Each structure stands twice: as structure tokens, then as C-alpha cells.
Amino acid sequence: MTTRVVVITGANRGIGLELTRQLAAAGDTVVLGSRESAKGERAAAVLAGEGLDVLPRRLDVTQQDSLSDLADEIVHRYERVDVLVNNAAVHYDTWQQASEADLEVVGEALDTNLLGAWRTTLALLPLIRASEHGRIVNVSSGAGSLTGMSGGIPAYRASKAALNALTLMLADELRGDGILVNAVCPGWVATDMGGRGGRPVRDGAASVRWAIELPDEGPTGGFFRDGKRVPW
């Protein structure tokens, strides 16, 4: 297989940045997507200092124009996308309950965590179909599992549960194209969103990378953590 073209959203920090680091070190061409161009450029500069070459690009998953511009550029540069990692997410809202939620916050979470992944997938799908080994990996969370769902964190939980549903629909619809679509929970990771006390970010990124590295006959339409199935 030739060098893969990988697009990662929300890649200027945390799991996205570490995943970018790992894949670039392995020789992949990685598009480092960031909502703010300056933050993406700074992240790319850090990786450049490590001898890694990535392509930082403004990628705001809530803005269709941003996605269309990126798709147009990738068409001319690479003609395909082999892997899309929908990693961008907002609002781990531990401060509120579903019974008294600020629905503006819930709407923002849905717009990024669910619709952002959906928009990005639709924008890049023609390019993913052009790959011989297409992969779509949705970075989800055990907090979105309906099995044992509890109260609290309503915006985040609802958006990730909906992302899991999208994963199942896309996997079924794209199976005939040979595109594997899976959701991955990286676990509780010590990032800006996850806070202190979580597992090392490299381990969370490795959980996501497992779904990227699946062989063509690998599973699709699954929900995994560290290569093991997670209850929906």
C-alpha cells in the first residue's frame, strides 16, 4: 500500500495531535485539521521540531465552507483520502444535568460532535471512495453508550450516543464500497477535555489507531476500546 492520506479533525491538541504524531512518524501524509489556523500552525511547528512533516489546515467542522475548501485542496493535492478521523469535540459538560440543561450548550455539542462529524464525512466521502482502503473512525466515548446510561454530562452523552448511531448507519451504507466505519472510545485520557488522572494520551491515541490499521476484512459498524468491543 502506498503512503496513506489521513485527515484528522481537532488535531491541534490532545488525542488528535498525538495521533497525528504517531501516523506521521509511520510515514503517513497527515492533514492536521484545526478550527483555528494559528493553533494548527503552532501544533505543526512542534511536530516539525520532532522531524515530522504534516499539513496544517483550518478545518472548522461547523462551517461548510471550511470543509468544501479542504476537499477542493485535497482533490488537487492527493486525489483521495484513505482515512478520516472525526476527532473534534466540545463540551464535556460535567456541570449540568439533563433535567435542567442549557440547551444552547447541548446544541453546540451536537453541532460539533455529531453534525460536525457528519458534515466532514459527507464533504470528504467522494475522496474516501477514491481510496482502495477507505476508513472512517469516529472518536466516541463510553459516556455515549446506552448500556448503563446515567444522568449528568447531557450534552456530551447525547452527542456521542448520536455519533454511535451515525456510525452504524454509515457502516451499513458504505459496506459495499469497502469502507470500514467504526466508533472508538479512547478511554479516559489526560487531555484538556479529560482532565488530570486519565491514561496517557499516547494510549488513547493507540486505541483510535487500532481502527485505522484494520485490514480490509476487518470489522465495520463496531464500537471499540483498545481493540475490544464496547456495549452500545
Every residue from the stretch 63-72 that is open to solvent by less than 30 Å² (accessible area, probe 1.4 Å), in contact with a Lys or Arg (Cβ under 9 Å, 6 or more places away or on another chain) and in contact (Cβ under 8 Å) with a residue 40 or more places away in the chain:
Leu67, Leu70
When you look at Leu32, is it assigned to a loop (DSSP other than H, G, I, E, B) and within 24 Å of Trp210 (Cα to Cα), yes or no?
no
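What residue, among those in the stretch 39-54 that are part of a helix (DSSP H, G or I) and in contact with a helix residue (DSSP H, G or I) (Cβ under 7 Å, 6 or more places away or on another chain), is surrounded by the most Cβ atoms within 10 Å (Cβ to Cβ)? Outline the logic, then answer.
Taking the stretch 39-54 and keeping what is part of a helix (DSSP H, G or I), we get 39-49.
Adding the requirement that they be in contact with a helix residue (DSSP H, G or I) (Cβ under 7 Å, 6 or more places away or on another chain) leaves 43, 47.
Details: Ala43: 21, Leu47: 19.
Ranking the candidates gives Ala43 first.
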Let me spell it out: the conditions are (1) open to solvent by 10 Å² or more (accessible area, probe 1.4 Å); (2) over 23 Å from Phe224 (Cβ atoms), and Gly142 meets all of them except one. Which number is the exception?
(2)
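Looking only at the stretch 99-109, decide whether some residue is part of a helix (DSSP H, G or I), open to solvent by less than 50 Å² (accessible area, probe 1.4 Å) and not small (Gly, Ala, Ser).
First, the residues of the stretch 99-109 that are part of a helix (DSSP H, G or I): 99-100, 103-109.
Restricting the remaining residues to those that are open to solvent by less than 50 Å² (accessible area, probe 1.4 Å) gives 105-107, 109.
Keeping just the survivors that are not small (Gly, Ala, Ser) gives 105-106.
Looking for residues that are part of a helix (DSSP H, G or I), open to solvent by less than 50 Å² (accessible area, probe 1.4 Å) and not small (Gly, Ala, Ser), one finds at least one in the stretch 99-109, hence yes.
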Among the residues of the stretch 204-217, how many are farther than 15 Å from Ala11 by Cβ and either part of a loop (DSSP other than H, G, I, E, B) or open to solvent by 60 Å² or more (accessible area, probe 1.4 Å) (or both)?
6
Do we find a residue being under 16 Å from the mean Cα position of the chain (by Cα), open to solvent by less than 30 Å² (accessible area, probe 1.4 Å) and on the phi > 0 side of the Ramachandran plot anywhere in the stretch 152-165?
no
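The values are calculated or read from the model by the stated rules, or taken from the named source; none is laboratory data. A quick note: this is a predicted structure, and the numbers were derived from the prediction, not measured. Cβ: placed from backbone, ideal geometry, glycine included. Neighbour counts: every protein chain shown. Remember, those area values only see protein heavy atoms, side chains included, never the ligands or the DNA or RNA. Shrake-Rupley method; radii C 1.70, N 1.55, O 1.52, S 1.80 Å.
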